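S.K.: This is the structure I want to talk about, given as structure tokens.
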Amino acid sequence: MHSIKSKLLGKGDKGENISRTKSITDENVEDIDEVDDQGQSILMGIIAQLRPGCDLSRITLPTFILERKSMLERITNQLQQPDLLIAAANEKEPLLRFKEVVRWYMSCWHIAPKAVKKPLNPILGEYFTCYWDLPDGTQAFYVAEQTSHHPPKSSYFYIIPEHGIRIDGLVAPKSRFLGNSTAAMMDGVTKLTFMNIIDPKTKEPEVFTLTQPNMYARGILIGGLKFELGDHLIIRNSTTDYSADIEFKTKGFISGTYNAIQGIIENDENKFFEITGKWNETMTLKDCRSRHTEVFYDCSKAKPLKPKVRDISEQGEFESRRLWLKVTKALARRDHTIATDEKFKIEEAQREAVKKRLEDGVEFYPKLFRPLSIEETALFGNEHLEFVIYKDHVLQKDAIRNDVQAMKNHIFEIAPFLPGQKFNEKFEIPAFKKVNSD
């Protein structure tokens, strides 16, 4: 077991340096689990700020625990198995389709840095876009924007036009210090819409709502650092009474194991499937009716499809990779002094911008996402969404007409996604004003 002092110094009980010595590159830097000597004074500073139950969003975190990507980009980890999502959209039988949605959603939790790392906190107005070239020749598109800073809220939108798949989401983590652990309570929701599957009763597309497990970092002061997912993930459907409840089990102090899950797919009357295993290894599905058991998902055989991002030279000032470039380059070199300095400059500029808005009596408005109306929040899936992409109404009309090309044209009016695309003259206008001009 490592003592507090040895952890501060980046050494084990015998004094050995636990930082890995292999060369650091852009490709392998997220695999490095390191606590450098340079981090000692920073970590001492954070310990002085900590009180049980305090809000970590207002704490200055040491850079050596930071991932080299913003939360806006980190969200795309959940979108790296589009083949499973397309398979779910193509399934005709409702219960089997629900099961395939669960398979897709459970397939990507293992995609994360091997070390305990926290993504960069996006600043207000920061945004990120990317795209995927899918094996069948189609493309998927993603855009996210930081719509609130205190409390932090990230709104996002993902779409595969040719397959009628759309995702709207809000990530609103509430961080807490719990003594020897930190917790990120993952408020918000993922709203999955199959635009081509229409409920014959309501004439509306089929919608799924999906919540997230909470995230824990154990052993931040005493013991080895360990990342865990915990608590419950809930999936519901707008057109049926099917639901899924997946419990992510955290290891007990004396007994238990890491990364275990146990879940059920059911409705009000029947239990259909049980899911067990480990979310980062192999999960097993048992049919409660036939008792048949099969491998639900094997993470060792996963082939995640990473998103593609336009070159830095084409990105806007507040686009994530350009905004944090000096920080992420310093992190890649393990130069935590420079990383801390550059991170402070960005955060200080944000504080000054907030101060000036207050002095001028100006309110901040997102550029890409608009607030939902009271009437819209009453719709299934929108209860916890808060914001939606400002082209929402236009894209819904495109979906009704099944006009894929019009849909893509409207998507490209939101922001540049593909290499060579340019910002249009309306980009900086607040989203709610652009809605009125569309």
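S.K.: Counting Lys and Arg as +1 and Asp and Glu as -1, each charge on the Cβ, what is the dipole of the chain about the Cα centre in debye, to the nearest 20? Mind showing how you got there, number by number?
M.R.: On the way: 62 positive and 64 negative charges, 221 e Å.
That gives the chain a dipole magnitude of about 1060 debye.
S.K.: Next question, about the same structure. Please build a GNM for the chain, connecting alpha carbons under 10 Å apart, and tell me which residue among I312, I111, I374 fluctuates the most.
M.R.: Maximum fluctuation in the GNM of the chain, among the listed residues, is at I374.
S.K.: Let me ask you something else. Scan segment 184-282 for chymotrypsin sites (Phe, Trp or Tyr not before Pro) in coil per DSSP, keeping those whose Cβ has at most 11 other Cβ atoms within 10 Å, and list them by number. Mind showing how you got there, number by number?
M.R.: Details: sites: F194, F208, Y216, F227, Y242, F248, F253, Y258, F272, F273, W279; in loops: Y242, F253, Y258, W279.
Here the chymotrypsin sites (Phe, Trp or Tyr not before Pro) that fit, given the DSSP loop and packing criteria, are F253.
S.K.: Of all accessible surface on the chain at a 1.4 Å probe, what whole percent is carbon and sulfur? Walk me through the numbers before you get to the answer.
M.R.: On the way: 11030 of 20830 Å².
Within the chain, the accessible surface is 53 percent carbon and sulfur.
S.K.: Further question on the same structure: Mind running the shape call on segment 317-438? Use the C-alpha gyration tensor, a ≥ b ≥ c as the square roots of the eigenvalues: rounded below 1.5 for a/c, prolate if a/b tops b/c, oblate otherwise. Intermediate results must be reported in sequence, preceding the final value.
M.R.: Numbers: a/c = 2.22, a/b = 1.61, b/c = 1.39.
Prolate is the answer for segment 317-438, as a/c is 1.5 or above and a/b outweighs b/c.
S.K.: Given the C-alpha centroids of segment 117-158 and segment 238-289, what is the distance between them in whole angstrom?
M.R.: 28
S.K.: Here's something else I'd like to know. Rolling a 1.4 Å sphere over the protein heavy atoms, what is the accessible area per residue of segment 32-435, to the nearest Å²?
M.R.: Details: 18390 Å² over 404 residues.
Ligands and nucleic acids excluded, the result is 46 Å² per residue.
S.K.: Classify segment 32-435: rounded, prolate or oblate, from the alpha-carbon gyration tensor (a ≥ b ≥ c, eigenvalue square roots; a/c under 1.5 rounded; otherwise prolate if a/b is larger than b/c)? Display every interim value, and only then the final one.
M.R.: Values: a/c = 1.75, a/b = 1.12, b/c = 1.56.
Here segment 32-435 falls in the oblate category.
S.K.: Nothing charged except the Cβ atoms of Lys and Arg (+1) and of Asp and Glu (-1): what's the magnitude of the dipole of segment 248-367 about its Cα centre? Round to the nearest 20 debye. Kindly include the intermediate steps, with their values, before the conclusion.
M.R.: Details: 25 positive and 21 negative charges, 107 e Å.
Approximately 520 debye in magnitude.
S.K.: A 30 angstrom limit on the alpha carbon distance is what I want to check against. Which of K301/K326; K117/K397; K249/K286; K191/K286; K249/K408; K201/K426 exceed it? Can you show the working numbers first?
M.R.: On the way: K301/K326 35 Å; K117/K397 41 Å; K249/K286 19 Å; K191/K286 26 Å; K249/K408 41 Å; K201/K426 39 Å.
As for pairs spanning more than 30 Å Cα to Cα, those are K301/K326; K117/K397; K249/K408; K201/K426.
S.K.: Here's something else I'd like to know. Just need the relative contact order of the chain here, percent rounded to a whole number, with Cα pairs under 8 Å and 6+ apart. Walk me through the intermediate numbers first.
M.R.: Details: 848 pairs, mean separation 61.7, N = 438.
Relative contact order comes out at 14 percent.
S.K.: Which order do I86, I167 take by accessible area at a 1.4 Å probe, largest first?
M.R.: On the way: I86 25, I167 0 Å².
The ranking, largest first, comes out as I86, I167.
S.K.: Could you report the accessible area of Y390 in Å², rounded to 10, computed with a 1.4 Å probe on the protein chains as they sit in the structure?
M.R.: 20
S.K.: Do any GluC sites (Glu not before Pro) in segment 363-412 lie in a loop, going by DSSP, with at most 10 other beta-carbon atoms within 10 Å of their beta carbon, and if so which?
M.R.: Numbers: sites: E363, E375, E376, E383, E386; in loops: E363, E383, E386.
Loop-located and lightly packed - E363.
The values are calculated or read from the model by the stated rules, or taken from the named source; none is laboratory data. Since this is a predicted model, take the numbers as computed values, not measurements. In this analysis, Cβ positions are derived from the backbone assuming ideal geometry, glycine residues included, and neighbour counts consider all displayed protein chains. Ligands, DNA and RNA are stripped out before the accessible areas are found, and what is left, the full protein with its side chains, is counted by its heavy atoms. Shrake-Rupley method; radii C 1.70, N 1.55, O 1.52, S 1.80 Å.
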